[in-house]
1. How do Lys136, Lys697, Lys62 rank by accessible surface area computed with a 1.4 Å probe, from largest to smallest?
2. Over the range 128-246, with the other protein chains present, what is the accessible area per residue in square angstrom, probe 1.4 angstrom?
3. For the range 597-661, what's the relative contact order in percent, using C-alpha pairs closer than 8 Å and at least 6 residues apart?
4. Please work out the C-alpha center-to-center distance from the range 396-413 to the range 436-478 and express it in whole Å.
5. If amide hydrogens are placed 1.01 Å from N in the peptide plane, which non-local residues have theirs closer than 5 Å to the one on Gly196?
6. Quick one: compute the contact order of the range 186-299, relative version, from alpha carbon pairs under 8 angstrom and 6+ residues apart, as a percent.
7. List the relative contact order of the range 153-213 as a percent without decimals, with contacts defined as Cα pairs under 8 Å and 6+ residues apart.
8. Sorting Arg91, Arg38 by accessible area (1.4 Å probe), largest first, what list results?
Amino acid sequence: MAGSNMSLAVLLLLSVLLTGVTHAGPDMDPYKILGVSRGASQAEIKKVYKRLAKEWHPDKNKNPGAEDMFIKITKSYEILSNEDKRANYDRYGQTDDTQPYGSGRYGQQHDNFYFDESFFNFPFNGQNHRDFADSKYTLHFNQYINDVVPDSYKRPYLIKITSDWCFSCIHIEPVWKEVVQEMETLGVGIGVVDVGYERRLANHLGAHRTPSILGVINGKVTFFHYAVAKEHLKQFVEDLLPQRLVERVTDKNDLQFLNSWHELNKPHVLLFDQVPVVPLLYKLTAFAYKDYLQFGYVDQGLSETANLQKQFNINTYAPTMLVFKENIDKPADIIQAKGMKKQIIDEFMSNNKFLLAPRLVNQKLFDELCPVKQFHRRRKYCVLLITGDEETFSSGNQAFLSFASTNTKEVVRFAYVYQRLQQPLCDILMQNKDSTQSQPQVVILERRNTAGKALFKPVTAWNGSEEDKQLLLDELERLQKDPSILSHDAMLPELNNEFASMFVIRWIYASYDYLSEVIDDILHNNWREMMPLLSLIFSALFILFGTVVIQAFSDSGEDKQTKPKAKDGSKAENGSPGTGTSSRPPKKNFVEVTELTDITYMSNLVKLRPGHMNIVLVLTDASKNILLSKFAKEVYSFTGSLTLHFSFLNIDKHSEWMNMLMEYAQDTMQIDADEDDGGNYKIDYTGHVLALNGYKKYLCLFKPVYTGEDLDSKSSEDEGGSSGVRSRSSSRDDHPSRKPNRSRSISTLQIHHKLDRLGLWMERLLEGTLPRYYIPTWPGLDKITPSK
């Protein structure tokens with residue numbers, strides 16, 4: 001009987017365990033959620049997913065459970081669209097979100113054995129089990145946009161990106177909690193984003209991995225890239241703050257710092273402390289009140305600050321904070337404590353945000369100094385001095401400040417305005433019909449609504465006398481008893497922003513901060529976020545480099561300057577063949593022709609840039625002036641080309657170089673020669689023109705036109721016309737005795753006509769239709785032919 005009872009107990013225990021295992025399975029079945037069978041293909045799963053995602057999208061479906069359903073649909077599709085995840089689910093019934101431990105890259109799950117999460121005390125796996133400390137700081141998309149971003153202009157935010165089953169998140173949790181506890185007391189905003197539930201916010205922040213830590217300040221997101229340690233995170237928060245928040249003050253610059261209250265229109269705060277580094281709490285306070293106060297720091301450990309400490313009787317055993325307003329010799333308020341708390345500092349700053357009598361420089365300051373009346377018991381009156389910024393008004397302005405310093409009434413605020421800078425407002429309050437500078441005047445006003453309506457009363461013309469002070473005091477006493485004395489009403493215009501000229505400086509600082517962020521992103525950020533910027537940079541560099549390469553290795557300019565236009569037959573750009581105009585008009589009213597000598601030889605020929613050509617006229621001392629004049633006329637219309645250079649070669653000096661060069665030309669022997677006194681024939685190169693391409697080592701040859709006695713000879717431009725060559729050869733055979741006489745009797749007119757058809761040859765040169773004679777290497781020009 002006992003044995004049977006024992007067996008029954010064992011069976012009962014096994015059934016309970018099996019039941020527990022059955023209920024311990026996953027809560028989410030991706031097949032049921034998508035409504036597909038286990039044998040569904042990827043195409044079917046994708047089709048169903050698109051339909052369900054469109055149906056349950058939170059922007060289109062207003063059902064309260066639409067967002068949760070949409071998340072389930074998305075996660076189900078992520079599982080079934082991935083073959084490894086789908087096979088893992090089919091085999092073990094586990095997903096990345098439901099497996100307790102051991103699947104994926106962290107190990108293997110065996111035999112569906114389920115470990116109770118509470119037994120291992122895991123602080124994750126589901127929203128219900130999420131760490132309570134993190135839930136306090138959980139951010140949603142709308143909350144981030146509406147609350148965090150505007151608040152980041154007053155304090156920085158430290159945000160952690162996490163997710164369920166993020167094992168790395170567990171490792172940083174102790175450090176994170178310690179940093180959060182310390183940073184929150186200093187005033188740093190804290191946030192936590194769960195990627196599983198706030199994918200939209202994570203994508204908006206640019207967070208694509210977990211865990212991630214980022215900072216938000218002034219609406220800008222900056223990622224943390226270093227090892228998660230307390231000191232690193234504290235330094236990260238400090239680096240988020242602008243660099244020019246706190247100025248270091250010593251005995252040398254204290255007067256300059258305190259005297260800037262008039263220019264900046266702000267009270268100045270000095271913190272005295274023993275530590276050499278500005279405390280983070282003080283920097284955060286400076287950032288929060290940067291629009292109202294100017295902050296300085298005095299290191300008590302430096303000998304350069306001894307006079308300051310003695311002047312203001314500073315206690316060296318506890319941090320001391322002083323606020324200076326219009327009087328730089330005496331602080332307006334003081335606070336001293338060994339352990340300053342944020343709440344005490346905030347209260348201290350809030351009570352000293354404004355000068356005793358600040359200048360109205362913009363609408364924001366006007367709204368805060370003179371708020372709109374909201375309740376009867378919260379009336380706020382502004383005593384406004386309308387004055388000028390010239391030296392003649394300084395005594396009256398100082399008397400008004402002295403009167404304002406004696407004010408003890410909370411409902412009355414004192415301010416002044418320069419009439420020259422706020423002319424529309426002053427014209428209304430002074431009821432001026434013209435805009436000329438008038439005598440200073442005191443006005444009491446009360447703003448009634450945000451649209452600009454105000455009640456006011458001009459009190460007195462102000463020169464700072466005792467009578468003026470007494471009259472103003474009497475009016476304030478009457479105002480407390482009878483507010484109806486403000487008998488005038490008007491619609492006040494919006495104030496001009498007098499600090500708008502500082503926009504350029506702020507823009508420079510903002511640009512510097514942006515460039516620093518870009519450099520930091522390039523050095524540390526993940527490449528997915530940097531790909532658009534890197535793609536833009538490399539595209540620009542590729543285009544620039546490609547342009548330089550193409551220009552360097554392109555063909556000579558003659559192959560592409562006039563050929564397309566010649567086909568179109570456009571005479572407007574190419575000009576008529578008789579005139580030889582180029583496609584680009586000349587830039588100068590003269591032709592610059594340099595002599596080709598051994599000095600200019602390298603630069604004008606051997607090292608000529610790719611695509612450039614040198615047009616060289618061959619002449620003698622006797623024909624130099626005549627040929628250069630004709631040469632300039634013929635080539636003038638081509639001087640607009642940036643790839644053509646013009647030179648001349650004196651054949652009397654460099655005939656040997658010319659002979660060596662012509663050996664490479666195929667038709668050298670067809671050039672006419674003269675017989676010298678010894679009976680030898682000497683080739684006459686006078687009037688020849690060479691087009692030399694120094695980079696590609698080839699030349700094109702122009703042979704001059706012969707006119708006058710030799711009527712049978714035709715113009716020869718070395719265009720491959722064999723008839724002209726044969727005509728000159730037969731002429732030499734038929735009349736051998738005429739050639740020497742003819743050469744010796746060439747007149748000045750005949751020399752001038754040698755270049756008659758050079759313009760046509762130049763056009764064919766630019767078209768690229770002339771024969772080219774390639775030179776293995778350019779001969780040297782250092783030898784000068786001796787004169788005989």
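1. Lys62, Lys136, Lys697
2. For the range 128-246, the solvent-accessible area averages 48 Å² per residue.
3. On the way: 43 pairs, mean separation 27.9, N = 65.
Contact order relative to length: 43 percent.
4. 12
5. Those lying under 5 Å, H to H, from Gly196 are Asp164.
6. Over the range 186-299, the number comes to 27 percent.
7. The value is 57 percent.
8. Numbers: Arg91 175, Arg38 135 Å².
Correct descending sequence by accessible area is Arg91, Arg38.
The values are calculated or read from the model by the stated rules, or taken from the named source; none is laboratory data. As the structure is a prediction and not an experimental result, all values here were calculated from the model. In this analysis, Cβ positions are derived from the backbone assuming ideal geometry, glycine residues included, and neighbour counts consider all displayed protein chains. Accessible surface areas use protein heavy atoms only, side chains included; no ligands, DNA or RNA. Shrake-Rupley method; radii C 1.70, N 1.55, O 1.52, S 1.80 Å.
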